[in-house]
Amino acid sequence: MNKIWDFFAENPMAAVIAAGEIGFWVAIGAGLLARYLLRLKRTSTVLLALTPVIDIVVLVATVLDLQGGGKANFVHGLAAVYLGFSVVFGPSMIRWADVRFAHRFAGGPPPPPKPRGREKARVEWREWGKCVLACGIAAAVLLGLIFLVGDGEQVAPLWGWLPRLGVVTAIWFATGPLWQELSPKNDDRVSEGTRR
């Protein structure tokens, strides 16, 4: 446990990112609890609206740390990636949790069944598109940090994140839409045959 605290002491940005991720889920949980169990709709709306504020706090902390002379490292790049993925995938994660919470605690309809066949392929393409968008936002944030700080040596490690984003999109493509398209289970005729 001391190693974890030592790591956060040496990398305060890692603590900011961890707090941001914890805060994201706490805000969602508290918002859904307020909405469905306590019937406090306005409070719920405010709590759920805090999720993008958390992203802004992570971004501002990153900028302040770098402008204050902090040398960019892996964690600063991770903050940009966290921001990109949180902005793009956050709303769908909230909807996913909302449907399940409403079903479990408020008598709402059950979550939709998992997609199959061509619908599954469409979902994989959409999610990969969201990954590309998230990586694009992360790349824009990285470039913004690089040019905002301006000291080449200070921000040199951030350049290394750009190829990583390319690797992420390539892996997501291969394991998502490409895999689904090449899978024989993707054929609607196969799906029809298995239903009979």
Query - Pro163 being surrounded by fewer than 16 Cβ atoms within 10 Å (Cβ to Cβ), in a helix (DSSP H, G or I) and not aromatic (Phe, Trp, Tyr) - result: yes
Requested in this report: Determine if the stretch 110-121 includes at least one residue that is farther than 27 Å from Ala9 by Cβ, part of a helix (DSSP H, G or I) and of a type in the set (A, V, I, L, M).
Outcome: yes
Query raised in the report: On the given criteria, is Asp98 in a helix (DSSP H, G or I), open to solvent by less than 20 Å² (accessible area, probe 1.4 Å), within 28 Å of Gly176 (Cβ to Cβ) and not small (Gly, Ala, Ser)?
Result: no
Query raised in the report: So which pairs qualify, if the first residue must be in the stretch 66-92 and within 16 Å of Phe24 (Cβ to Cβ), the second must be open to solvent by 30 Å² or more (accessible area, probe 1.4 Å) and in a helix (DSSP H, G or I), the Cβ gap must be under 6 Å, and the two must be at least 6 apart or on different chains?
Result: Leu83/Leu59; Gly84/Ile137; Val87/Ile137; Val88/Lys130; Val88/Leu133
Report summary line: Of the residues in the stretch 66-95 that are among the hydroxyl-bearing types (Ser, Thr, Tyr) and surrounded by 18 or more Cβ atoms within 10 Å (Cβ to Cβ), the one that is farthest from Val149 (Cα to Cα) is Ser86
Requested in this report: Filter the stretch 105-124 down to residues that are of a type in the set (A, V, I, L, M, F, W, C) and surrounded by 15 or more Cβ atoms within 10 Å (Cβ to Cβ) and give me whichever is farthest from the chain's Cα centre (by Cα).
Outcome: Ala121
Query raised in the report: Regarding Val155, is this residue under 22 Å from the mean Cα position of the chain (by Cα) and either on the phi < 0 side of the Ramachandran plot or in a loop (DSSP other than H, G, I, E, B) (or both)?
Result: no
Query raised in the report: Does Gly129 satisfy being open to solvent by less than 60 Å² (accessible area, probe 1.4 Å) and free of Cβ contacts under 8 Å to residues at least 12 places away in the same chain?
Result: yes
**Report entry** Condition met for Ala156 (surrounded by fewer than 13 Cβ atoms within 10 Å (Cβ to Cβ), out of contact with any Phe, Trp or Tyr (no Cβ under 9 Å at 6 or more places or on another chain) and modelled with pLDDT under 95)
**Finding:** yes
Report task. Out of the residues in the stretch 1-33 that are among the small types (Gly, Ala, Ser) and open to solvent by 30 Å² or more (accessible area, probe 1.4 Å), state the one that is modelled with the lowest pLDDT. Result -> Ala9
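The values are calculated or read from the model by the stated rules, or taken from the named source; none is laboratory data. Treat the numbers as computed from the prediction; the structure is a model and nothing was measured. Quick reminder, even Gly has a Cβ in these numbers, built from the backbone with ideal geometry, and neighbours come from all protein chains shown. Calculation scope for accessible area: heavy atoms of the full protein, side chains included, ligands and nucleic acids excluded. Shrake-Rupley method; radii C 1.70, N 1.55, O 1.52, S 1.80 Å.
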